[in-house]
Amino acid sequence: MPSDNSSDFEASKAQASTWFAELRDAICAAFEGLEDAQTTGLHAELPAGRFERKQTRRAGEGQGDQGGGMMSVMRGGRCFEKVGVNISTVYGELGAQAQRSLTARREIPGLADDPRFWAAGISLVAHMRSPKCPAVHMNTRMFWTPGAWWFGGGTDLNPMVPVDQDTDFFHTVLQAACDRHDPAYYPRYKAWADEYFMIRHWNEPRGVGGIFYDDHCTGDWDADFAFTQDVGRAFLDAYLPITQRHMTEAWTEADREHQLIRRGRYAEFNLVYDRGTKFGLETGHNPEAVLMSLPPVAKWP
């Protein structure tokens with residue numbers, strides 16, 4: 001990674017931020033394509049959903065520019081009941097609580113003396129109209145402080161009822177993306193996802209897993225960025241075929257009821273355990289963007 005004072009460092013940050021926006025555009029186009037393709041089955045009579053975009057800012061009034069992002073949200077579509085694909089590039093100084101949340105995982109050199117940070121990323125959560133189509137989450141991000149930099153991200157599949165064919169396919173695609181960089185990545189980051197996406201107060205997993213990684217820094221920025229890009233690219237390859245297989249299947253009111261209960265579990269995880277939710281709120285980012293992941297409708301037994 002270039003030094004903090006070099007123009008190359010700023011170029012690297014810009015490169016990462018630009019990539020996340022490009023990935024957002026590819027995903028939004030693919031999801032709108034699914035909306036257009038659903039011409040049969042329940043809700044095919046609805047207008048095809050389209051994303052609406054809204055800018056967000058991190059800084060409050062009088063705090064100066066500290067970056068922001070763009071929300072892309074589709075509601076009430078044929079295939080997607082609610083899906084958000086958000087990007088952000090934020091910077092400034094980390095408050096004491098945000099510093100504690102980072103250093104709880106590992107020591108970050110110099111953070112206490114120089115709390116500056118820069119972060120960019122993409123965050124996606126899709127809640128599907130059909131209970132036969134799994135909900136899904138994906139994010140990738142880059143984080144920098146004067147004493148350290150790293151990448152993080154991953155994706156996990158959240159079906160209402162697990163289907164072995166779908167689970168195997170999803171993991172196979174992710175493993176191939178990881179193996180292009182290091183055969184040790186997939187087993188390590190799959191295990192991390194299994195541990196992370198656990199709703200501990202219910203002692204049950206949020207879904208059927210995927211991969212999750214944080215603090216990923218081998219010391220080779222180009223290699224780590226390339227890995228994070230491949231994780232982002234693999235998302236559509238892993239998720240679109242699963243949705244295409246199921247989006248026109250018939251479902252019942254009992255299926256819908258089960259879907260709403262599972263959504264309640266999803267909301268519990270994101271509000272109680274999710275690192276991104278906690279960090280976004282602690283650092284003053286727009287709460288509408290931070291809480292985009294919550295489902296439009298959910299139930300609790």
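The values are calculated or read from the model by the stated rules, or taken from the named source; none is laboratory data. These figures come from a predicted structure and were not determined experimentally. We place every Cβ from the backbone using ideal geometry, glycine too, and count neighbours over all the protein chains shown.
Here are some notes:
- Given (1) under 21 Å from residue 237 (Cα atoms); (2) surrounded by fewer than 16 Cβ atoms within 10 Å (Cβ to Cβ); (3) touching a residue at least 40 places away in the same chain (Cβ under 8 Å), number of the condition residue 40 does not satisfy: (1)
- Selection of first residues in the range 230-257 that are modelled with pLDDT of 95 or more and of second residues that are of a type in the set (S, T, N, Q) and part of a helix (DSSP H, G or I), restricted to Cβ pairs under 8 Å at least 6 apart or on distinct chains, gives an empty result.
- Some residue of the range 188-200 being touching a residue at least 12 places away in the same chain (Cβ under 8 Å), assigned to a helix (DSSP H, G or I), touching a Cys at 6+ places or on another chain (Cβ under 8 Å) and within 30 Å of residue 109 (Cβ to Cβ): yes
- The range 121-174, residues that are hydroxyl-bearing (Ser, Thr, Tyr), farther than 23 Å from residue 263 by Cβ and more than 15 Å from the chain's Cα centre (by Cα): 145, 172
- When the range 244-276 is filtered for residues that are part of a helix (DSSP H, G or I) and within 29 Å of residue 182 (Cβ to Cβ), the ones remaining, listed by number, are 269, 275, 276.
- Residue match in the range 101-117 (condition: touching a Lys or Arg at 6+ places or on another chain (Cβ under 7 Å), part of a strand (DSSP E or B), under 21 Å from residue 225 (Cβ atoms) and not polar (S, T, N, Q)): no
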